[in-house]
Structures are given as structure tokens and as C-alpha cells.
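Engineer: Sending over a structure as C-alpha cells; questions will come in a sec.
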Amino acid sequence: MASQPKPQTGIQADTARNLESAARAVAELRRGGTIVVTSGDGDAVLARAAETVVSWPPAFFDSIGVEPMALAVTGRRAAVLGVGEPTAACVLLRRDAGLSLESLSALIDPETENPRLPPPGVQATVASEKSAAAAAVRLTKVARLLPAVLTAPLANGAAWARAADRFVVSAAAIEAYDRDSADDLRAMSEAHVPLAGSEDTRIISFRPRDGGAEHLAIIIGQPDAGKPVLARLHSECLTGDLLGSLRCDCGDQLRGAVDTLAQQGGGVILYLAQEGRGIGLVNKLRAYALQDRGFDTVDANEQLGFDDDERVYLPAVRMLRALGYTRVRLLTNNPAKVGALARHGIEVTERVAHAFPPNPHNRAYLQTKAKRSGHLL
């Protein structure tokens, strides 16, 4: 007889509820839905991902009880527009003449040609980091959408949401999402998968119970858990890893890691679902288009409204612990990865260099990572 599931503790139940709530909100935003975001300070906003708005006015935003609209963006995007501080978590943009579909598109589209900055008639207000609007912007990042949200304050968010049958998500659930999804990761399946360069390879899949992002542990050889394990944290890169793109060095790094671990007797590659340094494939391609116009990789991300690097390494910590590894020799050129593991209790006994010769297509990219992101060549 199958064993009965153990009852959840209060903390586990809260985590499960938060994950379910944030996951449902992400799904709503990605399909162009409108939701209500509430904060602990008592404010509530109607929210819709700006890039999904295709008609005007958007549904629900002209309803009774909904206050005038504002576009919530990151401080990075506001600074690009010339109306805000880049360090602000959220900036609210309003127009003297009111927002329209055309003005919304101009404010969020990084490829819009607009030499008049700041945009005429646009007023900017920095929102509190704890506000519902700031949480809504954070949620678009989780959803891998442009970090720009059409928002409208609600006088009575809970009551309005019930009457309009809109899903409600709290700022607390959004804020806890990265931590909760990492804490909830569990090994789901395991198989022997011979690889070119290492036939003795196992792959273990990890996934949270909410069905969120799936990460892989690629176990090369037979690493000794009693010694610091040679490890590589590798963020997925469809263009480099699968298609062989020459714009980055990701494919070289992945295949090189397999070879290095096999040659040194074994180790683990944590293949993390964080495409484009955490901004997603669609936004990475947007950033590439900006790079073709002369922006470097850092400026391109900021033009979109993202930070230089949006990756989170909590899943890697959780996976290492689940595999029984608390000490690693880290195969990386990125000191930020060393610091991230150390902050969460994984001892990095050595940083092992992992660099490959540049090609004409990625030379500038690698130089930018070294000069502006602290990578070591």
C-alpha cells in the first residue's frame, strides 16, 4: 500500500499557498489577464502586463471604483526614459493627457526611436518598494515579461476583486516566490544518460510542487561526497548550448565543463532554468537586437528595464544540499557565483578557472562581462 503523505506544517502550508498564488498570477499575466495585487500597507492595484495590452481602454480599467491609470516600470527603464533614478524598485509614469495605446507602446518598447527624452508630458513618481505596484513589476520579472505594468489604484481591492471575479495575489507571495520555489525543489526523476565526453553520466531533474521551473543536476562520473566536489553552475542558453550560437561562450562552457569533470574523475553540473541571465529567451533576443544597434550586453538589459544580471542561485544551493554536497570547487569565471553560494552556506574551497578563446562574434561581449560585470578572463 502506498504511504500516506505527511501532513504539512504551518510553514509548509504557507509556502504551498504562496507558490500556488504567485504561479496563478504569473499564468494570468502571461495570457494577458488582469489581476489585483495587494500589499501589506493596505494598498491594492489593478495590474496587467503592459506588453499584453493590444486595445484601449484595457478591460476593467474603465470600471467603477478604479482610479486613473499609471505605468509602473523599474528605475532602470525610467532612467533610460530620462525621468527616474536607476536604483528605484518602481517608478510610476503618468501623462498630462492620459495614457493611450500609442503612448504606452512608446514608453515600454526599447526599440522605439524617440529622440525627445524625457517624453513630453510624462510625470514620474517613485513608488515605495513595499507598494502593490512595485510587487506587480516584480511579478512580471518572474513571468519573464518586460518589467512594465499598467496599474490603477483600487479603493477597496478585495471587494472590487470579488465583484469583478479577478484573481488576487499579495506582495508577500510575490516577494517570497524565489525563496519558496527553491526551498520546495525536490528530485523528480533520474536516469543514466551517456554524453559525448562522459558516458558515465546521470541526470537528476528537480522541480517544485507548483510545477514551476525545472532544473537539472548532471552528475559526471562518481564524485566523492566526502571531498569538495568539482561543480559548475550553468544557466541554460538555448542559443549557445543547443544551436551553437557564436554570440556567447555558453556552449563552449557547457561542453568544456563536461570534459573537465570527466578528466578530473567526476563532478556535478547544475543546469539552471535561467535563460538570458534570468530575463528569459524572448527578452534575451530583444537584448540581442539592441546589441545589434550598438548597446553592450549590460546597457541592453537596462534598456529593457532589467538589471545587469537577474539570476538567483538559491535553486543551486537547494540542489547541492539535496545531493549531499556542502563543499565545492567551483568551475567559474564569475566571482558573484562564489559569493552567492558562500552566503547560503555552501563552502567554496577553490575557484577553478573556466575560460575559452573568444571568436569575432563574442569578443566584445566577453570584454563587457569582464569590465562591467567583474568576470575574470
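Where a number appears in this text, it was derived from the coordinates with a stated rule and is not lab data. Quick caveat, the model's predicted, so the values are computed rather than measured. Ideal geometry is used to build each Cβ from the backbone, glycine not excepted, and the neighbour counts take in all protein chains shown.
Engineer: I need two numbers for the stretch 230-329: Rg to one decimal and Dmax as a whole number, Cα atoms only, in Å.
Structural biologist: Answer for the stretch 230-329, Rg first and Dmax second: 15.1, 46 Å.
Engineer: With the Cα gyration tensor of the stretch 14-162 in hand, give its eigenvalues times 5 under a square root as the equivalent ellipsoid semi-axes, listed largest first in whole angstrom. Each step should come with its number before you reach the end.
Structural biologist: Details: eigenvalues 115, 55, 44 Å².
For the stretch 14-162, the ellipsoid semi-axes come out as 24, 17, 15 Å.
Engineer: Helix 314-323 against the longest principal axis of the chain: what's the angle in degrees, Cα atoms only, rounded to the nearest 10?
Structural biologist: Tilt of helix 314-323: around 30 degrees.
Engineer: Still on this structure: Nearest 10 degrees is fine. How inclined is helix 10-30 to the longest principal axis of the chain, computing both from alpha carbons?
Structural biologist: 70 degrees
Engineer: Among rounded, prolate and oblate, which fits the stretch 192-244 when a ≥ b ≥ c are the square roots of the eigenvalues of its C-alpha gyration tensor, a/c under 1.5 means rounded, and a/b larger than b/c means prolate? Present the calculation step by step, with values, prior to reporting the outcome.
Structural biologist: Numbers: a/c = 1.78, a/b = 1.20, b/c = 1.49.
Verdict is oblate for the stretch 192-244.
Engineer: Take the cross-link list K141/K284; K130/K284; K130/K337; K337/K369 and give me the ones stretching past 21 Å between alpha-carbons. Present the calculation step by step, with values, prior to reporting the outcome.
Structural biologist: Values: K141/K284 13 Å; K130/K284 28 Å; K130/K337 28 Å; K337/K369 14 Å.
Cα-Cα > 21 Å for K130/K284; K130/K337; rest within.
Engineer: Treat the count of other C-beta atoms within 10 Å as a stand-in for reagent exposure and order W56, W160 from fewest to most.
Structural biologist: Numbers: W56 13, W160 20.
Placing the least packed residue first, the sequence is W56, W160.
Engineer: Neighbouring Cβ atoms within 10 Å as the yardstick, rank Y365, Y325, Y177 fewest first.
Structural biologist: Taking fewest neighbouring Cβ atoms as first place, the list is Y365, Y325, Y177.
Engineer: Would you mind counting up the charge near G244? Only other residues with Cβ under 12 Å from its Cβ, with Lys and Arg at +1 and Asp and Glu at -1. The partial results should precede the final answer.
Structural biologist: Working: positive: R247, R255; negative: D241, D249, D252.
Neighbourhood net charge equals -1.
Engineer: Excluding A342 itself, calculate the net charge of residues whose Cβ lies under 12 Å from the Cβ of A342, where each Lys or Arg counts +1 and each Asp or Glu counts -1. Show your work: numbers first, answer last.
Structural biologist: Values: positive: R327, K337, R343, R351; negative: E347.
So the surrounding residues net to +3.
Engineer: Work out how much length T326 to D224 would gain on full extension: take 0.36 nm times their residue separation and subtract the Cα-Cα distance, in nm to one decimal. Before the final figure, lay out each step's value.
Structural biologist: Numbers: separation 102, 0.36 × 102 = 36.72 nm, distance 1.19 nm.
Length gained, T326 through D224: 35.5 nm.
Engineer: Counting only other residues whose beta carbon sits under 9 Å from that of F206, what net charge do I get with K and R as +1, D and E as -1? Walk me through the numbers before you get to the answer.
Structural biologist: Numbers: positive: R186, R207, R318; negative: E214.
So the surrounding residues net to +2.
Engineer: Same structure again: With runs of 4+ DSSP H residues as the only contributors, calculate the mean residue ellipticity of the chain at 222 nm using -39,500 (n - 2.57) per run, divided by the residue total and rounded to the nearest 500. Show your work: numbers first, answer last.
Structural biologist: Values: 14 runs with 134 residues, N = 377.
Computed mean residue ellipticity for the chain: -10500 deg cm²/dmol.
Engineer: Bin width 20 Å, origin at 0, all Cα-Cα pairs of the chain: what percent of pairs per bin?
Structural biologist: With 20 Å bins starting at 0, P(r) equals 27, 53, 20, 1.
Engineer: So if we plug the beta-carbon distance of A16 and N359 into 1/(1 + (r/R0)^6) with R0 = 45 Å, what FRET efficiency do we get, rounded to 0.05?
Structural biologist: Details: r = 47 Å, r/R0 = 1.03.
Here the calculated transfer efficiency is 0.45.
Engineer: Further question: Relative contact order of the chain, please, whole-number percent, based on alpha carbon pairs below 8 angstrom and at least 6 residues apart. Working shown, then result.
Structural biologist: Numbers: 729 pairs, mean separation 60.6, N = 377.
This gives 16 percent for the chain.
Engineer: Where does each of M188, M319 land when they are ranked from fewest to most other beta-carbon atoms within 10 angstrom?
Structural biologist: With the sparsest Cβ surroundings first, the list reads M188, M319.
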